[in-house]
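Colleague: This is the structure I want to talk about, given as structure tokens.
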Amino acid sequence: MAGPLLRSGVRRFPWLCNVLLYGSLFSAGDAAQQLLRRRPGQEPDWAQTRHVALVALSFHGNFNYVWLRGLERALPGRAPGAVLAKVLCDQLVGAPVAILAFYTAGMSILQGKENIFSDCKKKFWNTYKTGLMYWPFVQLSNFVLVPVYLRTAYTGLCGFLWAIFICFSQQSGDGTAKSAFLWFRREKVNADGEPSEK
């Protein structure tokens, strides 16, 4: 019952439903990475999650909604050439805008950092290169399989995993997948009771 009701709501109110789904999933990604990184007795930083939610709802969800619809208008259809052109445009224009907005206008301003460009200068290229290992495949499936009215929600679903990574990078990492994997490996070794590797 929920499936048809949700589809009906998304068709009737596409912008609102897509942005809310996107923002909720992205925020849940931050909460998940905090819970994964939490030490015994340490409380999650819910202010951080509120900041991520604000950025996701006010910018990222809206940007993705307008961006993905604009790409479809400019390059309509599911022909291989149109799909590849959309993926290329998304990675050359959309991805850098989203990363810049997250590190600067989003998180650094909300956290009251003195130099709002510091994280961006340190982590942008690494984050962008890491995203190139993930987002082209997500968007390829998005442009081929997902109807236009659900594309932002689908991006948000896939963005849950990305949010875990980018929120970890913003707080502790350097924007590389390697830093996240090394952290996770170190935590797994610690959980197994073996000495931590440095």
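Colleague: Does the chain come out rounded, prolate or oblate, given a ≥ b ≥ c as the square roots of the eigenvalues of its C-alpha gyration tensor, rounded meaning a/c under 1.5 and, failing that, prolate meaning a/b above b/c?
Modeller: Prolate, since a/c reaches 1.5 and a/b exceeds b/c.
Colleague: Can I ask one more? When the label point is put 7 Å from the Cα of Lys178 along its Cα-to-beta-carbon vector, which residues of segment 114-135 have a backbone N closer than 13 Å?
Modeller: Only 126-127, 130 fall inside the zone, counting backbone N under 13 Å.
Colleague: Starting with the highest mean, order 145-155, 171-181 by the number of other Cβ atoms within 10 Å, averaged over the residues of each peptide.
Modeller: 145-155, 171-181
Colleague: To continue, here is another question. Whole-Hz Karplus ³J(HN,Hα) for segment 93-102, in order, using 6.51 cos²θ - 1.76 cosθ + 1.60 and θ = phi - 60°, x for Gly and Pro?
Modeller: Here the 3J(HN,Hα) series is 10, x, 4, x, 4, 5, 5, 4, 5, 5 Hz.
Colleague: Placing +1 on the Cβ of each Lys and Arg and -1 on the Cβ of each Asp and Glu in segment 1-154, which of Thr49, Leu36, Ser141 has its Cα farthest towards the positive end of the resulting dipole?
Modeller: Ser141
Colleague: What FRET efficiency do you get for Ser58 and Leu92 if R0 is 22 Å and r is their Cβ-Cβ distance, rounded to the nearest 0.05?
Modeller: Numbers: r = 24 Å, r/R0 = 1.10.
After rounding, the FRET efficiency stands at 0.35.
Colleague: Just order 50-63, 83-96 by mean Cβ neighbour count inside 10 Å, highest at the front, would you?
Modeller: By packing density, highest mean first, the sequence is 50-63, 83-96.
Colleague: Across the chain, how many lysine pairs, 8 or more apart or on two chains, come within less than 28 Å at their alpha-carbon atoms?
Modeller: Lysine pairs meeting both conditions in the chain amount to 23.
Colleague: At a Förster radius of 22 Å, what calculated FRET efficiency corresponds to the Cβ-Cβ distance of Arg73 and Leu5, to the nearest 0.05?
Modeller: Computed FRET efficiency for Arg73 and Leu5: 0.15.
Colleague: Would you work out if segment 127-181 is rounded, prolate or oblate? Take a ≥ b ≥ c from the square roots of the eigenvalues of the alpha-carbon gyration tensor; rounded if a/c is under 1.5, else prolate when a/b is larger than b/c, oblate otherwise.
Modeller: prolate
Colleague: Which whole DSSP H helices in the chain pass both tests: a Cα extent of 30 Å or more along the axis and a mean Kyte-Doolittle value no lower than 0.0?
Modeller: In the chain, the long hydrophobic H runs are 14-37.
Computed from the coordinates by the stated procedures, all read-outs in this text should not be read as laboratory data. None of these values were measured; they are calculated from a predicted model. Glycine gets a Cβ as well: all are built from the backbone with ideal geometry, and neighbour counts include every protein chain shown.
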